[in-house]
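The values are calculated or read from the model by the stated rules, or taken from the named source; none is laboratory data. Fair warning: this is a prediction, and the values are worked out from it, not measured in the lab. For neighbour counting, all protein chains shown are included, and Cβ atoms are generated from backbone atoms with ideal geometry for every residue, glycine included. Just so you know, the surface numbers come from the protein's heavy atoms only, side chains and all, with ligands and any DNA or RNA stripped out. Shrake-Rupley method; radii C 1.70, N 1.55, O 1.52, S 1.80 Å.
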Amino acid sequence: MRRTLVLLCVVVCVCAGALVVRSTNGDEIADRARKLHFSSMVLDTHDDTTQRLLFSKTFDLGKRNPDGHVDIPRMREGGMNAIFFSIWVDGRTLGPPAVQKALDQIDAVHESVKKYSKELVFCRTAAEVREAHKSGKIAALIGVEGGHMIGNDIRMVRVFGDLGVRYMTLSHFYNDEWADSSTDKPVHNGLTDYGKEIVREMNRQGIMVDISHVSDKTFYDALEVSKAPLIASHSSCRALCNHPRDMSDEMITALAAKGGVIQINYERSFIDQAYKDAFDKYAGGVVAPKYEEEIRNKCGDDLDCSSRETQKVMSALIAEGKLPHVSWEKIIDHIDHVAKLAGPDHVGLGSDFDGADMPDGLEDCSKLPKITEALLRKGYSEDDIRKILGGNTLRVMEQAERVSGELQARP
């Protein structure tokens, strides 16, 4: 009888302030986390996989690739069922060439969705994203990473909207013609008057205003002008890693006060101070690190070559001890920081997959269930975790759509 009682008993423990019952035959939290993750909307607001669609000679979105971070098999394995394909053009390319390169990438996303229509569906609204989830398909969305891609022509905001773009980052690594960047010397004192009009037009088109990459002054200008909440599609917390690409506590609080969301970036130098300091010492800063020119000279426009060579450089630096290892758990620290500071309604996921160096343990999108389990172990409720995984971003999309409808209804 005693042996039977022992086999039937459960171990009761307190984890992160919550009472958790764990059976002797398995890990109850892990089981709950898996069910929660794979039943949730897991939406990533920033993936540079678009560059691979257009410029890689070997990449196939529909097959499991030996490199990179995102493809359909690994998305399925990691439960990532909604993705913003990022449209990126070097910020030093301006005018019509920037517009044309952006349009080429937008077309590549649409063509890829058509090619893999059994797995993907293109979405323009939050309702369509939810419908895709119900039907078991992956929602494909588009975000433009840099306002220079409108070619300094506000009419392109409307064109982008018609093509399904659902957010635009106001600047990239360099200032554009109407907005200052966080990683360039300010020349506009934030947003110009024309830049403010562009934000208003984005509101009219239902395009979310993304303030990742922008200067602090540009952020506050956009926050004041926009009628819809803002997003920071791939930023992290300056309090934990003092990087110009990250947001201060004051900025995060102000973003949240107007209903916005910061989607945490997984890039090592944005989430770990020791790594950021070591990287700056070696590379000379985040913009155009010194090894890039050597790789460009070796690889030219061959994206596969550039990716391989960059990975070789970073791996060698870590192996030599010049750069420290960074654990994926740093991502959880940044999520937790925002949740404690501004509430769990104002944080989401914006990995920067295929455009950044991932931390140890979260090497690609197949590892995403770790985030859900870690949050559950920290005592987050299932409802709050669902919001962080994607619900918060969908809520901002809905608010942007509502504002657009109200503005377009005005005479």
With the condition kept exactly as written, say whether any residue in region 228-242 is open to solvent by 10 Å² or more (accessible area, probe 1.4 Å) and over 20 Å from the mean Cα position of the chain (by Cα).
-> no
Selection count, region 118-173, where residues are among the small types (Gly, Ala, Ser) and either within 18 Å of Gln51 (Cα to Cα) or in contact with a strand residue (DSSP E or B) (Cβ under 7 Å, 6 or more places away or on another chain) (or both) = 8
Scan region 357-411 for residues that are more than 27 Å from Glu28 (Cβ to Cβ) and of a type in the set (Val, Ile, Thr) and report the count.
-> 3
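Looking at Ile142, Ile154, which is the one that is touching a residue at least 40 places away in the same chain (Cβ under 8 Å), under 22 Å from Glu224 (Cα atoms) and of a type outside the set (Phe, Trp, Tyr)?
Ile154
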Ser351 meets each of (1) closer than 28 Å to Leu54 by Cα; (2) touching a residue at least 40 places away in the same chain (Cβ under 8 Å); (3) in a helix (DSSP H, G or I) with one exception, condition (3)
Looking at region 248-262, which of its residues are among the small types (Gly, Ala, Ser), farther than 19 Å from Thr183 by Cβ and surrounded by fewer than 24 Cβ atoms within 10 Å (Cβ to Cβ)?
-> Ala254, Ala256, Ala257, Gly259
Run down Arg296, Arg308, Arg245 and say which single residue is open to solvent by less than 20 Å² (accessible area, probe 1.4 Å) and either assigned to a loop (DSSP other than H, G, I, E, B) or closer than 23 Å to Phe55 by Cβ (or both).
-> Arg245
Members of region 293-302 found to be under 26 Å from the mean Cα position of the chain (by Cα) and modelled with pLDDT of 75 or more, listed by number = Ile295, Arg296, Asp302
Given the residues Tyr275, Tyr282, Tyr266, which is the only one that is aromatic (Phe, Trp, Tyr) and buried (at least 24 other Cβ atoms within 10 Å of the Cβ)?
-> Tyr266
Please go through region 48-61 and pick out each residue that is within 15 Å of the chain's Cα centre (by Cα) and more than 16 Å from Val89 (Cβ to Cβ).
-> none
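Listed here are the residues, each with its yes/no results for (1) within 18 Å of Thr45 (Cα to Cα); (2) modelled with pLDDT under 95; (3) not polar (S, T, N, Q); (4) not in a helix (DSSP H, G or I).
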{"residue": "Ser315", "(1), (2), (3), (4)": "no, yes, no, no"}
{"residue": "Lys322", "(1), (2), (3), (4)": "no, yes, yes, yes"}
{"residue": "Leu362", "(1), (2), (3), (4)": "yes, no, yes, yes"}
{"residue": "Asp383", "(1), (2), (3), (4)": "no, no, yes, no"}
Among Asp60, Asp31, Asp107, which is without any contact (Cβ under 8 Å) to a residue 24 or more places away in the chain, open to solvent by 20 Å² or more (accessible area, probe 1.4 Å) and in a loop (DSSP other than H, G, I, E, B)?
-> Asp60
Which pairs do you get when a residue that is more than 30 Å from Leu389 (Cα to Cα) and free of Cβ contacts under 8 Å to residues at least 40 places away in the same chain, found in region 316-333, comes within reach of a residue that is surrounded by 18 or more Cβ atoms within 10 Å (Cβ to Cβ) and not aromatic (Phe, Trp, Tyr), reach meaning Cβ atoms under 6 angstrom, with the pair 6+ apart or on two chains?
-> Leu317/Leu323
Members of region 73-104 found to be buried (at least 21 other Cβ atoms within 10 Å of the Cβ) and aliphatic (A, V, I, L, M), listed by number | Met75, Met80, Ala82, Ile83, Ile87, Val89, Ala98, Val99, Ala102
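Provide a single number: the residues in region 58-108 that are at positive phi and in contact with a Lys or Arg (Cβ under 8 Å, 6 or more places away or on another chain).
Final tally of qualifying residues: 1.
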